[in-house]
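Beneath this line is the structure, given in structure tokens, with notes to follow.
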Amino acid sequence: MAENKGNINKLEEKTTKERIFESAINLFAQKGFDATSMREIAEAVGIKKASLYSHYKSKNEIMDNIFEYFKKELMKMRPPEAQNLDKIDKITPEIFRQRADLTLGIFKNPVIEKIFRIISSEQFRDKRARMIVLECLIHEPYSFSRAVLEIMVKKGVINEIDPDVKAMEFQYSIYTLFMEYLLLKSGNSDTGKIEEMIEKHLDYFVNSLEKK
């Protein structure tokens, strides 16, 4: 009986912590990190401020968890086939379309959209947010694309191209398109046109790699 009670308590603790996490995301996205207090987060969850501190020591700890969650979700944008670069010869240029589709699917998640809004507003004040933009959204995806392209060229999967230039062509264009998509979505604007533009860019890029 005591063991069962302990398991129930653990479940309740996890549920409360998840609610704190979700409420903090909502408030940070709406009001900003600095303008949100721990008391407001506790009130949104329906618990006392003292109880909140038993789960998170500070707002910064909550923000750390939010950023870590975002970074882990971004790793899902890599197609499963691309996890092992040694098997790159089995991958076609369509891998770039797959990667873009996976990324767009992640960005369509309402939680990820809100976290992106937090990162966008905090990137000039918070080093953690700035590093996510630079490393996770720009540098790492570019480096990964470059590595994939370089191996594909060596193995004769695609045409002879400059991996550096081609990776820039893919990554920086798709990054800009995704940012426009997220900005439109955050304002409840129609995203149909920008999604068409993303598809056109992917068609062009994939076709440019296909061996004739």
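The values are calculated or read from the model by the stated rules, or taken from the named source; none is laboratory data. Just so it is clear, the model here is predicted, and its values are computed rather than measured. Here Cβ is always computed from backbone atoms with ideal geometry, including for glycine, and neighbour counts include all displayed protein chains. These accessible areas exclude ligands, DNA and RNA; they are computed on the full protein's heavy atoms, side chains included. Shrake-Rupley method; radii C 1.70, N 1.55, O 1.52, S 1.80 Å.
Structure notes:
- For the range 35-55, residues that are modelled with pLDDT of 95 or more, within 25 Å of the chain's Cα centre (by Cα) and not aliphatic (A, V, I, L, M) total 1.
Quick grid of which residues meet (1) in a helix (DSSP H, G or I); (2) surrounded by 14 or more Cβ atoms within 10 Å (Cβ to Cβ); (3) within 17 Å of the chain's Cα centre (by Cα):
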position	(1), (2), (3)
Arg117	yes, yes, yes
Met131	yes, yes, yes
Cys136	yes, yes, yes
Val148	yes, yes, no
Gly156	no, no, no
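- Filtered residues of the range 10-61 (kept if under 23 Å from Ala129 (Cβ atoms) and of a type in the set (S, T, N, Q)): Ser23, Asn26, Gln30, Thr36, Ser37, Ser58, Asn60
- Under the condition of being free of Cβ contacts under 8 Å to residues at least 60 places away in the same chain and surrounded by 15 or more Cβ atoms within 10 Å (Cβ to Cβ), the residues counted in the range 200-212 number 1.
- Boolean, Lys114 is of a type in the set (Lys, Arg), farther than 22 Å from Gln171 by Cβ and modelled with pLDDT of 95 or more: no
- The set of residues in the range 181-194 being crowded, with 16+ Cβ neighbours inside 10 Å and closer than 15 Å to Leu137 by Cβ consists of Tyr181, Leu182.
For (1) in contact with a Leu (Cβ under 7 Å, 6 or more places away or on another chain); (2) open to solvent by less than 20 Å² (accessible area, probe 1.4 Å); (3) more than 11 Å from Ile20 (Cα to Cα); (4) not in a loop (DSSP other than H, G, I, E, B), each residue gets a yes or a no:
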site	(1), (2), (3), (4)
Asp34	no, no, yes, no
Ala44	yes, no, no, yes
Ile47	no, no, no, no
Ala50	no, no, yes, yes
Tyr56	no, yes, no, no
Asn60	no, no, yes, yes
Met63	no, yes, yes, yes
Tyr69	no, no, yes, yes
Lys72	no, no, yes, yes
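- Restricting the range 82-97 to residues that are buried (at least 16 other Cβ atoms within 10 Å of the Cβ) and either assigned to a helix (DSSP H, G or I) or touching a strand residue (DSSP E or B) at 6+ places or on another chain (Cβ under 8 Å) (or both), the residue that is modelled with the lowest pLDDT is Ala82.
- Residue check for Glu169: of a type in the set (Asp, Glu) and without any contact (Cβ under 8 Å) to a residue 40 or more places away in the chain: yes
- Members of the range 158-180 found to be open to solvent by less than 30 Å² (accessible area, probe 1.4 Å), hydrophobic (A, V, I, L, M, F, W, C) and more than 20 Å from the chain's Cα centre (by Cα), listed by number: Ile158
- For the range 98-115, taking the residues that are among the charged types (D, E, K, R) and either in contact with a Phe, Trp or Tyr (Cβ under 7 Å, 6 or more places away or on another chain) or open to solvent by 50 Å² or more (accessible area, probe 1.4 Å) (or both), the one that is nearest to Leu182 (Cα to Cα) is identified as Glu113.
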